[in-house]
Amino acid sequence: MDAFLINGGKPLRGEVRIHGSKNASLPLMAAALLTDGPVTLRDVPDLADIRNMTRLLDSLGQSIEPQGEALTITTRDAGKTLAHYDIVRTMRAGICVLGPLLAAHGSAKVSMPGGCAIGDRPVDLHLRGLRALGAEIHLDAGYIVAEAPGGRLRGAHVFLGGPNGSTVLGTANVLSAAVLAAGTTVIESAACEPEVEDLARLLNAMGARVAGAGSPVITVEGVDRLRAAEHTVIPDRIEAGTYVMAAAITNGDVVLHNFPTSTLTAALDRLREIGVTLEAVGASEPAGAAPHGAQSVRVVTPRRLHPVQVVTQPHPGFPTDLQAQIMALLTLADGNAIITEKIFPDRFLHVAELLRMGADITRVGSSAMITGVRELVGAPVMASDLRASAGLVLAGLAARGQTQVNRVYHLDRGYERMELTLQQLGADIERVEV
């Protein structure tokens, strides 16, 4: 099993390009099930979750042809509708194939999904939405078995609100199913995340008629079939936020290319209050080539960090996937900071590991109070999930002495060879087998 060895205390300096979004790529790949024509996706990151989705699509009769950072997905064997447990259990986004399979073939059998241990994430909203479109659904030995009577779903009003807000993957599932349903579908309390907008862009390029993506109400006019398309994946806003905080926690000076400023408004607001300075330094790509307004930014940070209050919320609020990283940063702030987790109230497994490194954190229900300390001290720590792993790596970059972050296979699900990127920026970090 791999681990990271980090000798902290080195300011990060240099330039890095942000990869395409993992959270956008997975539903985009699943949407290829909706057409027999080839779907080409550009700027797809090379991650464990992407490789697992590739395995899943292959098992569903799709051919996946990699071409650098692009993938072309083409139907090889139409009609396969069983998504096996052995693959789906490896990632939460495996559930994304349910809607496309049901819409394209009139039936689907998909294992209940796996993923990180960050709290209860039931799929009841996915199933509620698909039932509203006319699907008949039952559970059988850990599998979701769904059928569309008559072979086609029907447009309907669908409400996707839940106790912790809207559901991103649920919205993606229902949206993908609705594009081939007969009639009009209105999805209310839809997730507003940029990844949903990106999926709608691909679906429209394939011939769908989707309006309102990025708002709480999405309207879909069903069509009879979809066609081939090409699409560039949006930049990964969580990777971008992570590297901003890596620069900040080490008092570094880093330029980030392909940076999705417009999708990180809430996070950048909190970072500016902490004292982090972000300065636009131009477009990331040649004129006209920067996808979705991405740009280049320079990140610099003073030695004194200010404490802030952070509340995770659905987009456009502060992302829950950046909570662990900003907690690591706030352990070195001058004063008391408070983080409240509104999406996954139990997503605090990284607190115990940060305490091992000398942090001062008190957990109270769904909130954590962080009292800044003068320094963190390197220690062996255990990663519990993808984003907690990133938070521990950030803490290790700033800590005195050596930190060993164990179980970094979590990181490989969401960051493309993070240790190589950090080495490029001057960090003393290496991957070792333990």
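Where a number appears in this text, it was derived from the coordinates with a stated rule and is not lab data. These numbers come from a predicted model, not from an experiment. Here the Cβ is made from the backbone with ideal geometry for all residues, glycine too, and neighbour counts use every protein chain on show.
Diffusion coefficient (Stokes-Einstein, Kirkwood radius over C-alpha pairs, 25 °C, 0.890 mPa s) for the stretch 17-156: 160 µm²/s, rounded to a whole number.
When ASP236, ASP46, ASP385, ASP124 are arranged by Cβ crowding within 10 Å, least crowded first, meaning fewest neighbours, the order is ASP124, ASP46, ASP385, ASP236.
Projecting the alpha carbon convex hull of the stretch 282-434 along each direction and taking the average yields 10.2 nm².
Restricting the calculation to Cα atoms, the chain shows an Rg/Rh of 0.98 when the hydrodynamic-style radius is the Kirkwood one.
Normalising by the residue count of the chain, find the relative contact order in percent from Cα pairs under 8 Å and 6+ residues apart. Kindly include the intermediate steps, with their values, before the conclusion.
Numbers: 1111 pairs, mean separation 89.5, N = 434.
Reported as a whole number, the value is 21 percent.
At full extension, MET112 and GLU15 could sit 30.9 nm farther apart than now, given 0.36 nm per residue minus the alpha carbon distance. In plain terms, the residue of VAL276, VAL220 with the fewest other Cβ atoms within 10 Å comes first and the most crowded comes last, giving VAL276, VAL220.
Rank these for me by crowding, SER215, SER25, going from fewest to most other beta carbons within 10 Å. Could the numbers behind the result be given before it?
Working: SER215 12, SER25 26.
The most exposed by this proxy come first: SER215, SER25.
Relative to the longest principal axis of the Cα atoms of the chain, the long axis of helix 386-398 makes an angle of roughly 20 degrees. Helix 237-249 and the longest principal axis of the Cα set of the chain meet at an angle near 0°. Seen against the Cα atoms of the chain and their longest principal axis, helix 194-205 is set at about 30 degrees. What shape does the stretch 14-98 take by its C-alpha gyration tensor, where a ≥ b ≥ c are the square roots of the eigenvalues and a/c under 1.5 counts as rounded, a/b above b/c as prolate, and the rest as oblate? Verdict is oblate for the stretch 14-98. Each label was represented as a point 7 Å from its Cα along the Cα-to-Cβ direction; for GLU65 and VAL145 these points are 3.8 nm apart.
Among GLY129, GLY155, GLY183, the largest mean-square fluctuation in a Gaussian network model of the chain, built with springs joining Cα atoms closer than 10 Å, belongs to GLY183. The stretch 201-275 has equivalent-ellipsoid semi-axes of 36, 15, 6 Å, by the square roots of 5 times the alpha carbon gyration tensor eigenvalues, sorted largest first. Per-residue Karplus couplings for the stretch 351-365, computed as 6.51 cos²θ - 1.76 cosθ + 1.60 with θ equal to phi - 60°, are listed in order as 4, 4, 6, 5, 4, 5, 9, x, 5, 10, 10, 10, 8, 9, x Hz, Gly and Pro entered as x.
Applying 1/(1 + (r/R0)^6) with r as the Cβ-Cβ distance of ARG42 and ARG209 and R0 = 30 angstrom yields a FRET efficiency of 0.80. The length gained on full extension between ASP58 and ASP253, counted as 0.36 nm times the residue separation minus their Cα-Cα distance, comes to 65.9 nm.
So how much slack lies between ASP269 and THR371, counting 0.36 nm per residue of separation and subtracting their Cα-Cα distance, in nm?
Net length gain for the segment: 34.7 nm.
Quick one, what does Rg over Rh come out to for the stretch 104-262 if you take C-alpha atoms and the Kirkwood Rh?
Working: Rg = 18.0 Å, Rh = 17.3 Å.
Expressed as Rg/Rh, it is 1.04.
Can you figure out the FRET efficiency of MET1 with GLU230, using R₀ = 35 Å and their beta-carbon distance, to the nearest 0.05? Don't jump to the answer; show the numbers that get you there.
Values: r = 39 Å, r/R0 = 1.10.
Calculated value: 0.35.
When DSSP beta bridges are limited to those with both residues in the chain, what percentage is antiparallel, rounded to the nearest 5?
Details: 61 of 86 bridges.
Roughly 70 percent of the DSSP beta bridges within the chain come out antiparallel.
The distance between label points at LEU82 and ARG152 comes to 2.9 nm (points 7 Å beyond Cα on the Cα→Cβ vector).
Counting only the backbone N, which residues of the stretch 1-45 are under 13 Å from the spot 7 Å out from the Cα of TYR409 toward its beta-carbon? Inside the label zone: 1-3.
Taken along the Cα-to-beta-carbon direction at a fixed 7 Å, the label points for ARG303 and ALA280 span 3.3 nm. Highest mobility in the GNM of the chain, judged by mean-square fluctuation with C-alpha springs under 10 Å and restricted to ALA398, ALA228, ALA83, is found for ALA228.
For the stretch 134-178 and the stretch 368-395, what is the separation of their C-alpha centers, rounded to whole Å? Using only Cα atoms, the two centres lie 38 Å from each other.
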